[in-house]
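One structure, pasted below without further comment.
The values are calculated or read from the model by the stated rules, or taken from the named source; none is laboratory data. Computed from a predicted model, the values in this text were never measured in an experiment. Ideal geometry is used to build each Cβ from the backbone, glycine not excepted, and the neighbour counts take in all protein chains shown. Surface areas here come from the heavy atoms of the whole protein model, side chains and all, with no ligands, DNA or RNA. Shrake-Rupley method; radii C 1.70, N 1.55, O 1.52, S 1.80 Å.
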Amino acid sequence: MLAVVEKKGDGYIATYNRPLNHSVEKVWATLTKNDKLQKWMSNLEVVDLRKGGTIKFNMNDGTGNSFDISILDFEEQSYLQYEWGEGWVQFDLSPKDDGCLLVLKEYIPCLSDHTPKDLSGWHVCLVMFSAVLEGQYMDFPRGEWEKWYEKYVKLLNQL
């Protein structure tokens, strides 16, 4: 399911809705516990999980280079928002009878050639996220990313 991308004020919001057959607690742990987080987003490392805290973005290119990302908003078991490039990304969790709803929103200040790469990256990371919830690990599926990249290019060309 493609993200919905909408013009909002001075930028854009991309929204991914993912109903999951897992508890809020399990999904939250997969978002915030480094041993699980790094199985679906290997660049990220939670350093200080709180509003105003830090997530480290590791380049994973052999140089050891990294930079800090600020946590902009946070409520345990409910939502996590942090800087992402010039914008931000937010994960919201809502309990449902059969699990929970994960809503990922990315604020994009302006569209660029990089935007469809980023959107397809989040799309594939959510596939990997679901696999981790099922107790499976997968390498980043480059072919899947390329397929979704083409779809996001078409979607953004319509805006």
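Which is over 24 Å from residue 144 (Cα atoms), among the polar types (S, T, N, Q) and in contact with a Leu (Cβ under 9 Å, 6 or more places away or on another chain), of 94, 70, 66, 23?
94
Separate question: With assigned to a strand (DSSP E or B) and either out of contact with any strand residue (DSSP E or B) (no Cβ under 9 Å at 6 or more places or on another chain) or surrounded by 19 or more Cβ atoms within 10 Å (Cβ to Cβ) (or both) as the only criterion, which of 105, 154, 56 stands out?
105
So that you can scan it fast, the table gives a plain yes or no per residue for (1) without any contact (Cβ under 8 Å) to a residue 60 or more places away in the chain; (2) over 24 Å from residue 133 (Cβ atoms); (3) touching a helix residue (DSSP H, G or I) at 6+ places or on another chain (Cβ under 8 Å):
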{"residue": "25", "(1), (2), (3)": "yes, no, no"}
{"residue": "34", "(1), (2), (3)": "yes, no, no"}
{"residue": "62", "(1), (2), (3)": "yes, yes, no"}
{"residue": "67", "(1), (2), (3)": "yes, yes, no"}
{"residue": "72", "(1), (2), (3)": "yes, yes, no"}
{"residue": "75", "(1), (2), (3)": "yes, no, no"}
{"residue": "80", "(1), (2), (3)": "yes, no, yes"}
{"residue": "87", "(1), (2), (3)": "no, yes, no"}
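Only one of these conditions is not met by residue 113: (1) open to solvent by less than 90 Å² (accessible area, probe 1.4 Å); (2) without any contact (Cβ under 8 Å) to a residue 12 or more places away in the chain; (3) in a loop (DSSP other than H, G, I, E, B). Which number is it?
(1)
Against the definition (in contact with a helix residue (DSSP H, G or I) (Cβ under 8 Å, 6 or more places away or on another chain), open to solvent by less than 40 Å² (accessible area, probe 1.4 Å) and either among the β-branched types (Val, Ile, Thr) or modelled with pLDDT of 95 or more (or both)), how does residue 49 come out, yes or no?
Answer is no for this residue.
Can you pull out every residue in region 60-81 that is open to solvent by 40 Å² or more (accessible area, probe 1.4 Å) and within 22 Å of residue 123 (Cβ to Cβ)?
Those that are open to solvent by 40 Å² or more (accessible area, probe 1.4 Å) and within 22 Å of residue 123 (Cβ to Cβ): 60, 79.
Any residue in region 139-151 that is farther than 22 Å from residue 37 by Cα sitting within a Cβ distance under 7 Å of a residue that is in a loop (DSSP other than H, G, I, E, B) and open to solvent by less than 70 Å² (accessible area, probe 1.4 Å)? List the pairs, counting only those 6 or more apart or interchain.
Between residues of region 139-151 that are farther than 22 Å from residue 37 by Cα and residues that are in a loop (DSSP other than H, G, I, E, B) and open to solvent by less than 70 Å² (accessible area, probe 1.4 Å), the close pairs are 151/2.
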